[in-house]
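Structure first, then comments.
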Protein chains: 2
Amino acid sequence: MVKYKDEALDRTFAALSDPTRRALLARLGEQDGLSVSELAAPFPVSLPAIMKHLDVLTDAGLIVREKTGRTVACRLTARPMEQAMDWLNRYAQFWSHNLDRLTAFVEQETWPTQPPTPPNAQQSVQASRSRAGSARRPKGSTPPGRKPRN
Amino acid sequence: MVKYKDEALDRTFAALSDPTRRALLARLGEQDGLSVSELAAPFPVSLPAIMKHLDVLTDAGLIVREKTGRTVACRLTARPMEQAMDWLNRYAQFWSHNLDRLTAFVEQETWPTQPPTPPNAQQSVQASRSRAGSARRPKGSTPPGRKPRN
DNA sequence: TCTATACTAAACCACATGGTTAAGTATAAG
DNA sequence: CTTATACTTAACCATGTGGTTTAGTATAGA
């Protein structure tokens, strides 16, 4: 099973879904090893906001941070983006209508089409985005469901 | 400016950040044109939950839906994923250390490194993920900020 | 030693997300 | 015409997100 890769893809794509984080990555592409303050300077948001974005990028493995004295240098990494590209390449092959390659490719079983199952460990900590299982409703709250129209 | 492409990238990467949605796309890669019920059948969540995921995929332009009678067929599309691949390819070139190509590439100005600016129209509708500007606090609520440690 | 800088952490907020159940609508089948 | 199926919509919930301000810590510079 490639669930661990799935979680890595979750974080990679989630990290890339925000324009500020893509701009941060692009900035590091121009000039790797910038400090946090240098990275944050052109952005119209506060430094703690940029810090949060860098946290997301670090958790996704897209950057690494190394502290020297009081400054932290941020650098791009390669691995998780390669995995995202792999996924996109597979998608590209689906709609290219090359059915022979497609059939052979699907039968490699490297492509999880079965629905994601939430990890049975760490139920108290939300480990994945899609989660099944009913949420507990506090007493006295109204249950979900559409009210009749009348 | 390529802000419109940026918003499309927002939606594309956000759509891909969820494992259920990626599984839906993979399922359609195996067999295009499945109906909503057929798509939903293997998933352990409710039909409206799958409907919501399909809404996200449709808004991102990754699938199209066409109704025939009472069933809706879902099909993969190509365009937005190509744009996501373009972005990833550029990132790949950054860490491949090809500085000549990198410099020439950056100077094409097709790669927005400047911080994203939220659209000045549609302030009432949240159009982009990163947004500046202070939120209004209700009267009587405590202001943000860390409490002193003592 | 004191001051300044760079970064980190906490607390708050409005809004978004991903699920649920229940009701409603459109269309096909009997 | 009635029933069943496929899908849609509304209302709810817990949690997460992306921002803010304020306080705190670590390190460099004067």
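The figures follow:
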quantity	calculated
Residue within segment B:71-86 that is under 23 Å from A:ARG11 (Cα atoms), within 13 Å of DNA strand C (Cβ to nearest atom) and not charged (D, E, K, R) present	no
Test for B:LEU76: is it within 8 Å of chain A (Cβ to nearest Cβ) and in contact with a strand residue (DSSP E or B) (Cβ under 8 Å, 6 or more places away or on another chain)	yes
Subset tally (residues that are of a type in the set (D, E, K, R), closer than 22 Å to B:PRO80 by Cβ and touching a Phe, Trp or Tyr at 6+ places or on another chain (Cβ under 9 Å)) for segment A:14-53	2
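For (1) surrounded by 16 or more Cβ atoms within 10 Å (Cβ to Cβ); (2) near DNA strand C (Cβ under 8 Å from one of its atoms); (3) of a type in the set (Val, Ile, Thr), each residue gets a yes or a no:
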site: B:ARG11; (1), (2), (3): yes, no, no
site: B:GLU30; (1), (2), (3): no, no, no
site: B:GLU38; (1), (2), (3): no, no, no
site: B:PRO48; (1), (2), (3): no, yes, no
site: B:ASP55; (1), (2), (3): no, no, no
site: B:LEU62; (1), (2), (3): yes, no, no
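Taken together, the values in this text are just the output of simple stated rules run on the coordinates, not laboratory data. None of the values given here were measured: they were computed from a predicted structure. Cβ: placed from backbone, ideal geometry, glycine included. Neighbour counts: every protein chain shown.
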